[in-house]
Amino acid sequence: MRKWILALALVQSGANAQQVADLPKDQNVLFWTQDQRDTAFRAMERIAKANTIAAGGPVLALQQGKPVKLELDVDAFMQHQRNAGLLIIQDGRIRFEKYALGYGPDGRWTSFSVAKSLTSTLVGAALKDGYIKSLEDKVTVYIPGLRGSAYDDVTVGQLLTMTSGVKWNEDYADPKSDVALFNQQRPEPGFDITVSYMRKLPREAPAGSKWVYKTGETNLIGVLVSSATGKTLSAYLSEKVWKPFGMERDAAWMVGATGHEISGCCISATLRDYARFGMFILGGGIAAGNKVLPDDWLPCATTKQADIGVPGRGYGYQWWTNDDGSFAAQGIFGQGIFIDPKRKLVIASNGNWPLATDPEGVGAERQAFYRAVQRALDTED
């Protein structure tokens, strides 16, 4: 995870002082011990300042369905993945649910970059509500602080697909990388901390021509949505999804040094509410009988808009896409919401992988698990 997460935790006042004191001094969650992560991942909103994503109204009940019969040992899979929670919902019914690592159905767990997919969904809502006019609008229309920078030629759509062409280094092992520095620098007076950093970056390719994963740009999307709507991301998510769709518990969204939610990361919610968000997307973005998103939003957002150099996979509007029509929100250390419209399937997972990212190890194992669930559903009577 990003170096700035722990930095925020240490600088915010009024947090749980004992928890902060017990954290490592290197200010990088990548170097937390496994035990520290097990504790902190279910208490991030108590370590750092956060806004509330309020629930309210009738809760969307999740009915029990027939347990899914899998060809693998799920307990062994969860243990190897270090899953804190694993929930399979198919056709609106729970087919599997289990917790570990001291976590349970009433607890909250951090999203890490799963939040990116929720942030992009708020762009769709803002389009539907008329706050954002078009994805072809230049981002500087909504973030004037970027005027005169490499973002002058970048559209809202290119920001969503991470194809701005602006140079960025997302190497978590490099202490001088952009992702390590952008939330630790002192912002210019009057500028959001992300805008202050991003406006100084150079261009490396024409806008729209090159995909590079950039957490900083998702944070810009959050600033853009807040600027366009005049609302915090937490309030807007509560208004459009959390309350009307029937989430069971308030969630929390960590806030950066200059007051905006850290939109590339850091929502804390229950596993069931992460799954409910997957159901909201699966159901076409309808909450309380109202369409939250434009008619063409999800067909574009959840299919390949950018080539990431991996056969069979791509990147949509902050969603990782598969050529079979499934797609996922993903966060480091094993957070995920996998959605397969063909099978009416949602798989939500929280965890604490041994490594932040491990595409050839536990990452590949998770992909194999998704395929095993698909096969099991396909062979049911």
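Within region 264-292, the set of residues being modelled with pLDDT of 95 or more, surrounded by 24 or more Cβ atoms within 10 Å (Cβ to Cβ) and part of a loop (DSSP other than H, G, I, E, B) comprises T270 only. Being at pLDDT 95 or above, more than 28 Å from T232 (Cβ to Cβ) and out of contact with any strand residue (DSSP E or B) (no Cβ under 7 Å at 6 or more places or on another chain) is a property that D340 has.
Pairs are defined by a Cβ separation below 9 Å, a sequence spacing of at least 6 or placement on different chains, a first member in region 173-184 that is at negative phi and surrounded by 16 or more Cβ atoms within 10 Å (Cβ to Cβ), and a second member that is hydroxyl-bearing (S, T, Y) and assigned to a loop (DSSP other than H, G, I, E, B); the pairs so defined are V179/Y172; A180/Y172. The condition of being in a helix (DSSP H, G or I) and either on the phi > 0 side of the Ramachandran plot or among the charged types (D, E, K, R) (or both) holds for only one of K133, K116, K98, that being K116. When region 294-327 is limited to residues that are touching a strand residue (DSSP E or B) at 6+ places or on another chain (Cβ under 7 Å) and in contact (Cβ under 8 Å) with a residue 60 or more places away in the chain, the one that is surrounded by the most Cβ atoms within 10 Å (Cβ to Cβ) turns out to be W319.
Each row is one residue, and each column tells you yes or no for (1) within 20 Å of C265 (Cβ to Cβ); (2) at pLDDT below 95.
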| residue | (1), (2) |
| --- | --- |
| Y151 | no, no |
| M162 | yes, no |
| K167 | no, no |
| K176 | no, yes |
| P187 | yes, yes |
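Here A84, A61 are screened, and the one residue that is of a type in the set (G, A, S) and more than 22 Å from the chain's Cα centre (by Cα) is A61.
Pairs are defined by a Cβ separation below 6 Å, a sequence spacing of at least 6 or placement on different chains, a first member in region 91-108 that is buried (at least 18 other Cβ atoms within 10 Å of the Cβ), and a second member that is acidic (D, E); the pairs so defined are L101/D38.
The values are calculated or read from the model by the stated rules, or taken from the named source; none is laboratory data. Because the structure is predicted, anything quoted here is derived from the model rather than measured. Every residue, glycine as well, gets a Cβ built from its backbone with ideal geometry; the counts of neighbours run over all protein chains shown.
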